[in-house]
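As structure tokens, the structure follows; a few thoughts come after it.
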Amino acid sequence: MLRLHDTALGRISALPGLESGRLSMYVCGPTVYDDPHVGHGRLLLVYDVLRRYLEWTGAEVSHVSNVTDIDDNIINRAKDTNQSPSDLAMRYEERWWEASDALGVLRPHHAPRATEYVSGMVDLVAELMGRGAAYLLGDGVYFAVSSVPDYGLLAQQSLESLRAGARIEADQSKRSPEDFALWKLSAPGEPAWPSPWGPGRPGWHTECVVMSLDLLGEGFDLHTGGLDLKFPHHENERAQAVALGRDFAHHWMHHAFVEVAGEKMSKSLGNFISLTDLLAREDSRAYRMLVLQAHYRSPVEITPDTIARASSTLERLDVFAGRFRAAFDRARPVPSVEAGPTPAGGGDAPALELFRAAMEDDLDTPRAMAIVSDALRQANAAADAGRADEAKALASAVSDMTGALGLFPQGSGTGGGVPAEVIDLVAGLDTARARRDFPAADAIRAELTAQGWLVETGPEGSRVRRRRD
Ligand SMILES: [Zn+2]
């Protein structure tokens, strides 16, 4: 059974909900005021891999991910660009789903927008007021963190140590610097919804509480997001649920950042890489490969070099799938963003067992990828030595494992990868070599070179890379 690191416990633990074969998962989604960047891409991919893997094991996953379509960033950007906040949000929400589809990420079962849940948020804030956990100031309603005894659980810090490290807030009227806005009274001309405290809009930390409890129910299994959401966003979500006496997420999963040249990617450093740009340049599967090659709790480094290495691993997989086409065709010819993967069965049992053990050990995808590589190498070697059944079982395992990770060989990306006719040529080359028909093999090699491919032939078969010069 899958075990994952739980931020609240500070250690790896089982997910008891999975015992019933079901998992309810809430992924904190985007605030839609700009194009998605590669950090968003990692978010999409990490939880897509988790979901696909669980579905591959036969579990039923309920996946909810919100869209924050009202927020100060949206209002400010709309003002700067002279458009309505709702038009702006709609445009960037579309871009979000375009990028998600291009990455081959399964769409959530529900993707609620904050603006669709405002009345539920007003009710929640009113209930918090009624319980004495919130108070009204001149500009809105605030949550009193002192009403939650274990505030700081996710940050793994006490309120006192959080306070010691906190910036001095301009707003001195709050009872405590950590108190946060639940409801912001709107200035004239800003988007506003009615409330008992006056027209305004919800604070960011409330929407996920209302939406997750509404769509997944109390005591849902898993709440996820980037490390930057751990504190204060998730802490503040949890605090509201605790103050309301509601059973909230049972497990908290956070993934690490994307780094560019050794530094965390951030607006202030000006080193943002747009996901849309990356996907226009590279095979989207190369980014999935790169994300899989890092553990989700470690940073992913994006450089031309790491992308090139991931692309080369991908090309090796494409060529392999060409050689063992039957194993891959049988399973899933075309990846779909609507349907999850289908376990094919019949694969090499020891390889599949190792793969499962790696994935269930806190989603150890680098280890899982190493197991895929080993099986691939062994399948090529078995085929070269004429051990057809062994090769077939191993190839089938590779097809199964890559499918479980959402990594589909050949043509599922946005224009990259190795074309089918090149894969055919490489398969022909290896067949000729196996027959010891060296003149035919040389002719195919010359053809590939003429088409701009570097051909490397080793004991495990041939692979090609695009010449990058
Ligand atoms: Zn959230």
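The values are calculated or read from the model by the stated rules, or taken from the named source; none is laboratory data. All of these numbers come straight from a predicted model, not from anything done at the bench. No Cβ is skipped: glycine too gets one built from the backbone with ideal geometry, and neighbour counts run over all protein chains shown. SASA here: full protein model, heavy atoms, side chains in, ligands and nucleic acids out. Shrake-Rupley method; radii C 1.70, N 1.55, O 1.52, S 1.80 Å.
Quick notes
- Percent accessible area from carbon and sulfur atoms, the chain, protein chains only, probe 1.4 Å: 51
- Listed residues Tyr296, Tyr117 arranged by accessible area, highest first, probe 1.4 Å: Tyr117, Tyr296
- A 1.4 Å probe, protein heavy atoms only, puts the accessible area of Thr31 near 40 Å².
- Considering only the chain, percent of DSSP beta bridges that pair antiparallel, nearest 5: 55
- Euclidean distance between Cα centres, region 427-469 to region 115-144, Å: 67
- The magnitude of the dipole of the chain, with charges of +1 and -1 set on the Cβ of Lys/Arg and Asp/Glu and taken from the Cα centre, is near 800 debye.
- Alpha-carbon centroid distance for the pair region 255-320 / region 1-35, whole angstrom: 23
- Per residue solvent-accessible surface (Å²) - region 171-241, probe of 1.4 Å: 35
- Helices assigned as whole DSSP H runs in the chain whose Cα atoms extend at least 20 Å along their own long axis and whose mean Kyte-Doolittle hydropathy is -1.0 or higher are found at 38-56, 304-323, 365-384, 388-404, 420-434.
- Among Ser212, Ser147, Gly428 - extreme Cα towards positive end, dipole of the chain, charges at beta-carbon: Gly428
- Exposure of Glu160 as accessible area (Å², to 10), given a probe of 1.4 Å and all protein chains: 130
- List Asp69, Asp442, ordered by accessible area with a 1.4 Å probe, largest first: Asp442, Asp69
- Taken along its three principal axes, the alpha carbon spread of region 44-136 comes to 49, 41, 17 Å, from the longest extent down to the shortest.
- Per residue accessible area in Å² of region 374-464, where ligands, DNA and RNA are left out and the probe is 1.4 Å: 43
- With protein chains left intact and a 1.4 Å probe, residues in region 27-149 average 37 Å² of accessible area per residue.
- Legend: residues His5, His254, sorted from most to least accessible area (1.4 Å probe; ligands, DNA and RNA excluded), read His5, His254.
- Overall Cα dimensions of the chain, principal axis frame, Å, largest first: 85, 49, 37
- Short-range pairs are left out: with C-alpha atoms under 8 Å and at least six residues apart, the relative contact order of region 1-126 is 28 percent.
- Which of Ala239, His223, Phe257, positive extreme of dipole for region 204-269 (C-beta unit charges): Phe257
- Taken about its Cα centre, region 18-109 carries a charge dipole of about 200 debye when Lys and Arg each add +1 at the Cβ and Asp and Glu each add -1 at the Cβ.
- Each Cα pair under 8 Å and six or more residues apart adds its sequence gap; the mean of these over the residue count of the chain is a relative contact order of 17 percent.
- Rolling a 1.4 Å probe over the protein heavy atoms leaves His250 with an accessible area of roughly 100 Å².
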